[in-house]
Amino acid sequence: MRKFWVAGGLGVGLVLCLLGLLVVGTYSAAAGLAGAAGRAAGLAKGAVPAAYQSLVQKWGTLCPAISPALLAAQLYQESGWNPKAQSPAAAQGMAQFIPGTWETHGVDGNGDGKRDVWDPEDAIPSAASYDCELAKYVKGASGDATRNMLAAYNAGAYRVIQYDGVPPYRETQNYVKTITTLAKSFEAPTGPVASSRQAAAAIYYAQKKLGTRYLWGGTGTAAQGGRFDCSGLTQAAYHSVGIELPRVANDQWNAGPHPERNALLPGDLVFFAYDLKDPRSIHHVGIYVGGGYMINAPYTGAVIRFDKIDTPDYIGATRVTSDGAKALPREDAA
């Protein structure tokens, strides 16, 4: 629930003018930063649920072909961090091992004397170990070792060896692109994160909705009277510029890299959570417009409006990218 109104005696018109200047000024300052995104060595703050962060950080350095961010991307893609996940194909646990593969590749990561596919302390190390085994199998293939490892994970090591690199299968090539792209949303940037070109247009869309009454589950359809909830508004704003975000806020979190609070730019999505160490607990999202403010659809009984972002439940931000959005799983909830 959002309870923070724009403070002071500023009228809506004055606020719009002020924020308009902030947007222009911030974009001008950001122009020189485009393309300067840094390569990360570790995990972005809050990108991985706290319960699993140390495991991912530790096992993500098991071999040169993987990284903590890449391992995080695989686990998120496979199960959404759900240790009890089970697929129709009998894949089990957070890392989604099928029983036969687990039997031969599962490891006792926590040293308790058993290998439990449902235990993240075994599943996460097993995922990293399996990745590294695959990397060894295909180390003689041409091209990037990480991409070849991912291709082997999807299509089998034999096919990577046969084609001397990533095989020409659309499914495999898409998988490699998805994981390497998604990994960027888990990396801790070591430099400025490049701004999105579509951000200004997304803000413009959201500004046109100011004053519209909130609707739980609203996505702006005619049948809903053009009303939105928080993630419905952000989804529609980015849809207007050709970027398709998932339906709910905590899924939108991984649509791109995570800039620090002092590096926010207009158009970034800003998120709020019940547990600041667990992105799965995100309950609200808005569109940053500069100057410490966002446009958001707050809660039932309110209207789409400007609110401050600096509240105790602020967990972080995401700079949306087209590739990042495309890489996200498409199991949208209402």
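The table that follows gives values for the structure above.
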{"quantity": "Percent RCO, i.e. relative contact order, over the chain, from Cα pairs under 8 Å lying at least 6 residues apart", "calculated": "20 percent"}
{"quantity": "Cβ charges +1 (Lys, Arg) and -1 (Asp, Glu), total dipole of the chain, debye", "calculated": "1040 debye"}
{"quantity": "Fraction of accessible area attributable to carbon and sulfur, the stretch 52-186 (%, probe 1.4 Å)", "calculated": "50 percent"}
{"quantity": "From the C-alpha gyration tensor of the stretch 52-186, square roots of 5λ in Å", "calculated": "23, 15, 15"}
{"quantity": "Net charge over other residues, Cβ less than 15 angstrom from the Cβ of G113 (K, R count +1; D, E count -1)", "calculated": "-4"}
{"quantity": "In Hz, Karplus ³J(HN,Hα) per residue of the stretch 71-81 (6.51, -1.76, 1.60; θ = phi - 60°; x = Gly, Pro)", "calculated": "4, 4, 4, 5, 5, 5, 5, 6, 9, x, 6"}
{"quantity": "Span from the the stretch 155-179 Cα centroid across to the the stretch 305-328 one, whole angstrom", "calculated": "33 Å"}
{"quantity": "The stretch 91-147: C-alpha pair distances exceeding 12 Å, %", "calculated": "64 percent"}
{"quantity": "Spin-label model distance (nm) - T104 vs K208, 7 Å beyond Cα toward Cβ", "calculated": "5.6 nm"}
{"quantity": "The stretch 197-327, relative contact order [Cα under 8 Å, separation at least 6], %", "calculated": "30 percent"}
{"quantity": "Förster radius 25 Å - calculated FRET efficiency between T300 and S240 (Cβ-Cβ, nearest 0.05)", "calculated": "0.55"}
{"quantity": "Whole-angstrom Cα spans of the stretch 230-334 along principal axes, big to small", "calculated": "31, 30, 27"}
{"quantity": "Structure-based [θ]222 nm, the chain - -39500 (n - 2.57) summed over DSSP H runs of at least 4, per residue, nearest 500", "calculated": "-11500 deg cm²/dmol"}
{"quantity": "Residue among W118, C230, L276 farthest towards the positive dipole end of the chain, charges placed on Cβ", "calculated": "C230"}
{"quantity": "Pair-distance profile P(r), taking every C-alpha pair of the stretch 131-290, with 5 angstrom steps and integer %", "calculated": "1, 9, 14, 15, 14, 11, 11, 10, 7, 4, 2, 1, 0"}
{"quantity": "Rule-of-thumb Rg ratio for the stretch 121-205 [Cα; 2.2 N^0.38 Å; N residues]", "calculated": "1.40"}
{"quantity": "For the stretch 193-265, the fraction of alpha-carbon pairs in successive 10 Å shells from zero, as %", "calculated": "19, 49, 27, 4"}
{"quantity": "Spatial extent of the chain: Rg and Dmax, with the Cα atoms as the point set, Å", "calculated": "21.3, 70"}
{"quantity": "Cβ charges +1 (Lys, Arg) and -1 (Asp, Glu), total dipole of the stretch 52-186, debye", "calculated": "440 debye"}
{"quantity": "Loop trypsin sites (Lys or Arg not before Pro), the stretch 168-198, which have at most 14 other Cβ atoms in a 10 Å radius of their Cβ (DSSP)", "calculated": "R197"}
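The values are calculated or read from the model by the stated rules, or taken from the named source; none is laboratory data. Because the structure is a prediction, the values reported are computed rather than measured. A quick note on method: Cβ atoms are made from the backbone with ideal geometry, for glycine too, and the neighbour counts reach across all protein chains shown. All accessible areas refer to the heavy atoms of the entire protein, side chains included, with ligands and DNA or RNA removed. Shrake-Rupley method; radii C 1.70, N 1.55, O 1.52, S 1.80 Å.
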